[in-house]
Amino acid sequence: MVFMEDLDYRTLAKGMLGKQMLDVGFGQFRNITKYVCWKRGKFFGEVNARGTSQQCPECGAEVKKDLSVRVHHCLSCNYITDRDVASGQVIRNRGIELISTAGHVGIQNAYADGLPGIGETQSRSKSKTRKGVTRKSKK
Ligand SMILES: [Zn+2]
C-alpha cells in the first residue's frame, strides 16, 4: 500500500515554495506512483494533508513547528524522530484509518500489529508489516 497527501500542488506552486514545488515535480511523481500501484495491483490512497507535520504519530498530540525545525519532539509522549519521518508516520496512520473505515477489515487486521503504540520497536514493526502485505497480496 502507498499513501500520499492529497495536496493540491498547483495551489502550492503559487505559494511560498512555488519554484521548488515545480522543480521537483511532485504532481508528476504522484501520478506515476498512482499508475505503478494500479499496474502492480497495490492499494494507493490519498489522505488529508492538513497538519501532517504538526501532529505526533505516536500519541496524536499537536506539536507545532515551523519549517526550520527538523526534529519532531513530542512533549506529551516524549517521542523524538526526524520531522519528515514523523510526517510520514502520520500519513501512514491516516491511510490505515482511511482503509479501515472503508470496510477493508482484513487489511486493517494485517496492519494492526504494526501500528505505533502497540509495543513493538519501530524498525521491527515496519519490516513485519511489509512482509505481511506481500504474502497477503500474492494470494
Ligand atoms: Zn506524542
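If I filter segment 55-78 down to residues being over 19 Å from the mean Cα position of the chain (by Cα) and of a type in the set (S, T, N, Q), which single residue comes out as nearest to the ligand (Cβ to nearest atom)?
This residue is Ser76.
Report, by residue number, each residue of segment 82-92 that is under 14 Å from Gln54 (Cβ atoms) and either within 14 Å of the ligand (Cβ to nearest atom) or touching a Cys at 6+ places or on another chain (Cβ under 6 Å) (or both).
Selection gives Arg83, Ala86, Ser87, Gln89, Val90.
Among the numbered conditions (1) buried (at least 17 other Cβ atoms within 10 Å of the Cβ); (2) among the small types (Gly, Ala, Ser); (3) modelled with pLDDT of 95 or more, tell me where Ser53 comes up short.
(3)
I need the full set of residues from segment 2-34 which are at pLDDT 90 or above and assigned to a helix (DSSP H, G or I), in order please.
Across segment 2-34, the qualifying residues are Arg30, Asn31, Ile32, Thr33, Lys34.
Looking at (1) within 18 Å of Arg94 (Cα to Cα); (2) in the same structural domain as Ile91 (by TED's automatic domain parsing), find the lone condition where Phe44 falls short.
For Phe44, the exception is condition (2).
Are there any pairs, at least 6 apart or on different chains, whose C-beta atoms fall under 6 Å, with the first in segment 62-82 and modelled with pLDDT of 95 or more and the second among the aliphatic types (A, V, I, L, M) and within 13 Å of the ligand (Cβ to nearest atom), and if so, which?
Within 6 Å, the pairs are His72/Ala86; His73/Ile80; Cys74/Ala61; Cys74/Val63; Ser76/Ala61.
The values are calculated or read from the model by the stated rules, or taken from the named source; none is laboratory data. Being a predicted model, the structure only gives us computed values, none of them experimental. Every residue, glycine among them, receives a Cβ derived from its backbone with ideal geometry; neighbour counts consider all protein chains shown.
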